[in-house]
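Just so it is clear, none of the values below were taken in a lab; they were calculated from the coordinates. These numbers were taken from a predicted model, which means no experiment stands behind them. Here the Cβ is made from the backbone with ideal geometry for all residues, glycine too, and neighbour counts use every protein chain on show.
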Amino acid sequence: MIQVHFSHLDYNVADLEEALSFYKPLMAFLGFQMEVRQPEWVLFGNGRMKLCLVQCEERYRDAGFHRKRPGLNHIAFQADSAVAVDQVADFLRQRGISLLYDSPGNFDSQREYYAVFFEDPFRLKLEVVYSPDYL
């Protein structure tokens with residue numbers, strides 16, 4: 001058996017500039033730096049993983065995204081504490097970003113799983129979670 005971890009995630013977006021207006025402050029708040037900026041893509045990294053926002057080709061833009069269809073449902077970021085999750089929730093509220101499911105809160109009756117859920121401008125669900133047993 002080998003050990004791996006996530007290296008990067010490429011996320012195709014319908015409008016890169018709109019994505020940047022949402023993700024640039026969010027990723028900075030979550031401890032990511034913008035590492036590369038190209039006309040068609042942007043790379044954020046935090047020393048452990050990378051998120052790449054990629055402008056999708058025009059011919060694919062009208063198809064839209066829905067997390068209930070086959071494919072990606074959501075992206076979750078692991079926080080260091082429940083307090084950090086609350087800080088993210090405050091950051092989102094200050095920017096007028098709606099929180100989902102009455103979050104933040106505990107979302108697992110069997111273990112500590114304290115999370116905040118929200119959507120990006122393209123309706124991809126994002127989550128910031130503190131769950132020391134979920135690693």
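With farther than 18 Å from Ser21 by Cα and touching a His at 6+ places or on another chain (Cβ under 8 Å) as the only criterion, which of Arg111, Arg48, Arg69 stands out? Going through Arg111, Arg48, Arg69 in turn, the sole match is Arg48. Tell me, which residue of region 50-75 that is within 13 Å of the chain's Cα centre (by Cα) and surrounded by 15 or more Cβ atoms within 10 Å (Cβ to Cβ) is nearest to Asp120 (Cα to Cα)? Top of the filtered list is Leu53.
Please determine, by comparing only the residues of region 31-59 that are of a type in the set (D, E, K, R) and assigned to a loop (DSSP other than H, G, I, E, B), which one is nearest to Val88 (Cα to Cα). Restricting to residues being of a type in the set (D, E, K, R) and assigned to a loop (DSSP other than H, G, I, E, B), the top hit is Arg48.
Rundown of residues vs (1) touching a residue at least 40 places away in the same chain (Cβ under 8 Å); (2) charged (D, E, K, R), yes/no style:
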residue	(1), (2)
Glu35	no, yes
Arg59	no, yes
Pro70	no, no
Asn73	yes, no
Val83	no, no
Ser98	no, no
Pro132	no, no
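Residue-level analysis places Ile75 outside the set of residues that are part of a loop (DSSP other than H, G, I, E, B) and either of a type in the set (Asp, Glu) or closer than 21 Å to Leu20 by Cβ (or both). Taking the criterion of being closer than 17 Å to Gln78 by Cα and over 15 Å from the mean Cα position of the chain (by Cα), the only residue of region 13-47 that qualifies is Gly47.
Comparison of Asp108, Asp120 shows that the only residue that is surrounded by fewer than 16 Cβ atoms within 10 Å (Cβ to Cβ) and either among the charged types (D, E, K, R) or touching a Leu at 6+ places or on another chain (Cβ under 9 Å) (or both) is Asp108. Considered as a group, the residues in region 21-49 that are closer than 21 Å to Asp62 by Cβ and out of contact with any Pro (no Cβ under 9 Å at 6 or more places or on another chain) include one that is surrounded by the most Cβ atoms within 10 Å (Cβ to Cβ), and that residue is Trp41.
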